[in-house]
Amino acid sequence: MSTLRTETSVPLSRESALGPADPELLASLLRDAPIGFALFDPAARVQTINPVLADACGRSVPECTGSSLDALFGAGSAAAHQQTIAAVLAGAGVVHSEHPLNASGGTGTRWALSWLPVHSAGSNGTGGRVQGVVLLAVAQEVDEAALRRSEERYRSLLKAGNQVIWAAGPDGRMHEDCPEWRGVTGQSEAEFLGLGWLDTVHADDRAAVERAWDDAVADRTPFDATFRVRVRSGEYRHYRSYAVALLRDGELTEWVGANTDVTTQREADEMRQRLTAQLGEAALRTVRLQKATSDLAEALTVDEVVRVMGEIGRSAVGVDRTAVAMLDPERLRLKILNPEGVPDIPGAPSVESGLDYPSTLAVAVRERRPFIAQSPLELRTMLDDEPEVRTFLAHTDEQAWVTLPLLSAGLPMGALRFAFTSPREVSDEEKVFLEALAGQCALALERATLFEREHRTAEALQQSLLPEELPEVKGIGMRSFYRPGTRHVQVGGDWYDAFPLPDGRVAGVLGDVMGKGIKAATGMSRVRNALRALAFSMPEPADVLNGLDRLFEATEAMDQVTTLVYFVLDPETGQIDLSNAGHLPPLVVPPGSAPWLLETDPDTPLGVHSERGHHKFFVPPGNTVVLYSDGLVENRRRAVATGLDELVAVAAQASAEVVGDPQKMLDYLVESMLAGYEQDDDVTLLAVHLPVARSAPEG
């Protein structure tokens, strides 16, 4: 007869403490363990079975898989097993029984059987729907040699996984020795037993581990913790400890756990995290350097470079002060371009100082290498504890400094100083970033210095080519206006001229050589000189422009685009002869009536061969004719066509006093047309006013 008993307690849900090879390890354990295992579905058919149980039933694993209880155990035992499975499926919990497994060909050995319910996922082992039954079978007569071999295999598997198995009493204290664990820690048995094993846990981890172990024992929940353990050599290694409570007939009998050395895995994880962080920081520094390069590329002047470097210092480096100094190579003195970048306190370098002054700027320039002091003590040491340094440190709030030389072709041109109000450790990676930033700053300063030098040269050349004063001619009034673009804009090619001709008439011209800088200014010079020479030999406008076309074809590059309006005025009659080479139409402002644009058939710029038009008209008394450059009507926010419409509308609103005075007319037009706009380009105007009425000749 078989004996049958049940337990209402259901085993707690299992949590794996194994590593990446869990499936293989589990399969090996089931294959080699001295117990039988089978999983039955609700219809009592075999889903999984291990070789031990299949052999006990006299069949192979494939023959058993999918078979019924009759086929597996034989008709004589199947009924009892069917009743047991039905009870488990009905909620009886764990059922224990003893039966001989005496199917045909079986061993006939009596086995202790345990039938356990398999609950639905998420039920934590209780309260869920039973989806199947697990059978655990232990032979009551086991060959000692076979048991020993199985145990050896089991221990070998544990050693391969760096695991040490231990057991504790129901109260959580160690009541039996664990030589394997003591072999790791170097404790004696007396030191290990009880709660002595906690003495090998790192002091920073012990409180948390002890609390977690007490909670697990009190609640009978699995214990899972990772902590540092002092091993025999005295060093600390990381271990993961996992333990579960074993219940028998509802009573807690002991705790069984495994300690696994996870140091290598932990170190690999930490290394991966460090590499990830370093890659992230490197990527961020690259983005910041790219933005700094872009911002510096837009800085045209030295002042603009200094301003951008201050913004970069705050946003990309996190500094509290940034200073840029330039070296005067002849006087061997440093000039700080932004004095606010260095505190104005005793001991600090003045706006101008020599290279012998004990400062970070002077050292970086003299030695042509970065100067890094991560604390006030380092600064005193690196600057030889000079009296000025001690005085400076007594008054400053700065605590760390990074100063880098600004080099051009290997020679120092200045220095870049970063200061922090708290101690700062500068890593090798950050040092490389700061040196790259200093390199970009040096390039930007070099560009800005050359730009300002060229700007001053071109501006002086342009101013020298413009007439110092306009000719005084009886019966007409001539006035001009010239304003170069803002400091951040290169000198353009706008120009104007007026001069008397031998026949008593007056010639006037306003033009624009496309481009910027010295190239545009020198192009303007050539056109001006050639036009004057042509005007004295053949003054008629169409002839002058044809002569300029021939000059351009012979001497100027195709990309040197030049437009102009050239006129000849007879003061006696008020007659104007005019030719337009692709320039904007002149504005005519009469007194008491609407202004208008003198629009003619468009001609091409100089150098583009075409038949030049010759236009004749008369300027009535009191009228003003205004020639102007595109800087008056066009900018980034206003198209030329819109600007021309606005010019006519603005002129129509001029008062009689303004219309009667050519200088006031020019000032009024410039002020009105540029209001609300940034001046992008040079603005040039030339006005001709006839205050006295003249009669036109007959014919």
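Structure summary
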read-out	value
Among the residues listed as P467, P471, P405, P484, the single one being surrounded by 20 or more Cβ atoms within 10 Å (Cβ to Cβ) and closer than 30 Å to V568 by Cα	P484
Residue within segment 99-113 that is surrounded by fewer than 19 Cβ atoms within 10 Å (Cβ to Cβ), more than 18 Å from A43 (Cβ to Cβ) and modelled with pLDDT of 80 or more present	yes
Qualifying residue in segment 333-346 (condition: assigned by TED's automatic domain parsing to the domain that holds T421, without any contact (Cβ under 8 Å) to a residue 24 or more places away in the chain and under 16 Å from L434 (Cβ atoms))	no
Output for segment 34-51, where each listed residue is touching a residue at least 40 places away in the same chain (Cβ under 8 Å) and closer than 18 Å to L116 by Cα	I35, G36, F37, A38, L39, F40, D41, P42, A44, Q47
Of all residues making up segment 322-348, the number that are of a type outside the set (A, V, I, L, M) and in contact with a helix residue (DSSP H, G or I) (Cβ under 6 Å, 6 or more places away or on another chain)	4
Conditions (1) under 38 Å from the mean Cα position of the chain (by Cα); (2) crowded, with 16+ Cβ neighbours inside 10 Å; (3) of a type in the set (S, T, N, Q): number failed by N259	(1)
Top-ranked residue of segment 607-647 - restricted to ones that are closer than 17 Å to L569 by Cα and not in a loop (DSSP other than H, G, I, E, B), ranked as farthest from the chain's Cα centre (by Cα)	F618
Test: A282 is aliphatic (A, V, I, L, M) and within 30 Å of W115 (Cα to Cα)	no
Residue within segment 304-317 that is assigned to a loop (DSSP other than H, G, I, E, B) and surrounded by 13 or more Cβ atoms within 10 Å (Cβ to Cβ) present	no
Where A299 falls short, out of the listed (1) farther than 15 Å from G341 by Cα; (2) out of contact with any Phe, Trp or Tyr (no Cβ under 6 Å at 6 or more places or on another chain); (3) part of a helix (DSSP H, G or I)	(3)
Candidates G631, G676, G607, G622 - the one that is on the phi > 0 side of the Ramachandran plot and crowded, with 18+ Cβ neighbours inside 10 Å	G607
Residue match in segment 453-463 (condition: in contact with a Leu (Cβ under 6 Å, 6 or more places away or on another chain), surrounded by 14 or more Cβ atoms within 10 Å (Cβ to Cβ), farther than 30 Å from Q399 by Cα and at pLDDT below 90)	no
A394 being in contact with a Ser or Thr (Cβ under 9 Å, 6 or more places away or on another chain) and either in a helix (DSSP H, G or I) or within 15 Å of R333 (Cα to Cα) (or both)	no
Criterion: modelled with pLDDT under 95, surrounded by 13 or more Cβ atoms within 10 Å (Cβ to Cβ), among the aliphatic types (A, V, I, L, M) and under 30 Å from A92 (Cβ atoms) - qualifying residue of A137, A168	A137
Test: A521 is at pLDDT 80 or above and buried (at least 20 other Cβ atoms within 10 Å of the Cβ)	no
Counted residues, segment 648-668 - those being farther than 13 Å from R479 by Cα, touching a residue at least 40 places away in the same chain (Cβ under 8 Å) and under 53 Å from the mean Cα position of the chain (by Cα)	2
S2 being over 22 Å from R129 (Cα atoms), in contact with a strand residue (DSSP E or B) (Cβ under 8 Å, 6 or more places away or on another chain), polar (S, T, N, Q) and modelled with pLDDT under 80	yes
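The values are calculated or read from the model by the stated rules, or taken from the named source; none is laboratory data. Bear in mind the structure is a predicted one, so any value in this text is a computation, not a measurement. Counting neighbours? That spans all protein chains shown, and the Cβs are built from the backbone with ideal geometry, glycine included.
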